[in-house]
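For reference, the structure discussed in these notes is given below.
The values are calculated or read from the model by the stated rules, or taken from the named source; none is laboratory data. As the structure is a computational prediction, the values presented were derived from the model and not from experiment. Cβ sites come from the backbone with ideal geometry, for glycine too, and all protein chains shown count toward neighbours.
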Amino acid sequence: SATAPGTIDRTAVRVIAHRGSSAALPEHTLAAYRRAIEEGADGLECDVRLTADGQLVCVHDRTVQRTSNGRGTVSAMTLAELSRLDFGSWKSPGAPEPSPVLTLAELLELVADAGRRIELAIETKHPTRHRGGTETELLRMLGYYGLLPAMSAESSVRVMSFSELSLHRIRRTAPAIPTVYLAERRLPLLGRTSRLPGGARIAGPGIELIRADPGLVPALRRAGNRVHVWTVDDPADVEYCLELGVEALITNRPREVLAQLGR
Ligand code: G3P
Ligand code: CA
């Protein structure tokens with residue numbers, strides 16, 4: 001594209017739909033992810049948790065209270081139990097159809113059927129409880145859907161975590177998958193070494209963190225890291241990230257962010 005030297009190519013920034021198009025529709029539902037694809041998002045972010053019977057489901061919280069009409073802890077419930085709940089009515093009351101829990105398999109099917117390349121940013125939540133079960137199942141699923149990249153290939157899938165342990169597990173088993181170290185309040189070790197915790201290739205600071213520390217993203221980039229920022233919904237934050245050279249914006253409002261980028 002015709003980008004003058006020194007300016008940012010706004011069209012090159014990746015727009016990743018956080019929990020789907022989740023400002024508009026209930027998070028982590030098929031409808032929210034479908035909407036994000038229709039809106040032109042480059043990729044989809046989702047959180048994964050292991051159920052009591054070893055299935056990966058896309059749920060953010062430890063429990064289902066906030067986002068469903070039921071009660072319980074995801075890891076203590078079976079997929080059949082979770083499937084009886086409605087994950088849509090808390091946000092879309094009166095919707096004609098209930099929204100069952102979304103499995104990772106269903107999300108991967110949606111991406112496979114999208115008809116264009118869709119990036120996936122999959123976040124492992126609280127993985128230590130399951131002695132590697134989350135990572136093992138995630139890699140098994142990615143393998144099944146042909147999403148495990150060859151060593152030199154550009155991967156459409158990234159695995160993100162606040163947990164160093166989880167990122168190490170992914171790296172040990174599938175070193176070609178890019179990993180993102182998520183940081184909410186601080187990035188440990190930065191300054192003493194250019195290496196990110198967990199052997200991650202990409203830094204994933206929250207927007208509050210980079211607003212509070214304007215030197216952080218430049219330092220990360222000088223050290224050779226790529227930077228993906230969440231959750232970037234405010235137009236001023238979008239501009240700020242562009243100035244800093246952030247590569248991917250993870251947002252609840254993909255349509256608005258794409259429009260701001262001129263796409
Ligand atoms: O994309 C990373 C971001 O989702 C991490 O925070 O709490 O929304 O999972 P959280
Ligand atoms: Ca997340």
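Here are a few things to note about the model shown:
- Set Val229, Val238: member being in contact with a strand residue (DSSP E or B) (Cβ under 8 Å, 6 or more places away or on another chain), within 30 Å of Arg140 (Cα to Cα) and modelled with pLDDT of 95 or more: Val229
- Filter result for Val229 (in contact with a helix residue (DSSP H, G or I) (Cβ under 9 Å, 6 or more places away or on another chain), among the hydrophobic types (A, V, I, L, M, F, W, C) and either outside any strand (DSSP E or B) or more than 16 Å from ligand 2 (Cβ to nearest atom) (or both)): no
- The criterion of at least 1 residues that are within 16 Å of ligand 1 (Cβ to nearest atom) and within 26 Å of Pro254 (Cα to Cα) is met, among helices (runs of 4 or more DSSP H) falling completely within the range 98-179, by 104-112, 133-144.
- When the range 97-134 is limited to residues that are within 22 Å of Glu164 (Cα to Cα) and away from ligand 2 (no atom under 16 Å from the Cβ), the one that is surrounded by the most Cβ atoms within 10 Å (Cβ to Cβ) turns out to be His130.
- When the range 199-215 is filtered for residues that are of a type outside the set (Val, Ile, Thr) and either more than 21 Å from the chain's Cα centre (by Cα) or part of a strand (DSSP E or B) (or both), the ones remaining, listed by number, are Ala203, Gly204, Pro205, Gly206, Ala212, Asp213, Pro214, Gly215.
- Some residue of the range 59-68 being surrounded by fewer than 15 Cβ atoms within 10 Å (Cβ to Cβ), on the phi < 0 side of the Ramachandran plot, at pLDDT 95 or above and of a type in the set (Val, Ile, Thr): no
- Restricting the range 43-73 to residues that are more than 11 Å from ligand 1 (Cβ to nearest atom), aliphatic (A, V, I, L, M) and not in a strand (DSSP E or B), the residue that is nearest to the chain's Cα centre (by Cα): Val64
- Filter result (in contact with a Leu (Cβ under 9 Å, 6 or more places away or on another chain), without any contact (Cβ under 8 Å) to a residue 24 or more places away in the chain and of a type in the set (Lys, Arg)) within the range 143-188: Arg186
- The residues of the range 16-41 that are within 14 Å of ligand 1 (Cβ to nearest atom) and either of a type in the set (Asp, Glu) or touching a His at 6+ places or on another chain (Cβ under 8 Å) (or both), listed by number, are Ile16, Arg19, Gly20, Ser22, Glu27, His28.
- Sole residue being within 14 Å of ligand 1 (Cβ to nearest atom) and surrounded by fewer than 21 Cβ atoms within 10 Å (Cβ to Cβ), chosen from Arg185, Arg211, Arg221, Arg226: Arg185
- Residue tally, condition within 16 Å of ligand 2 (Cβ to nearest atom) and β-branched (Val, Ile, Thr), over the range 65-96: 2
- Tallying residues that are out of contact with any strand residue (DSSP E or B) (no Cβ under 7 Å at 6 or more places or on another chain) and charged (D, E, K, R) within the range 106-162 yields 9.
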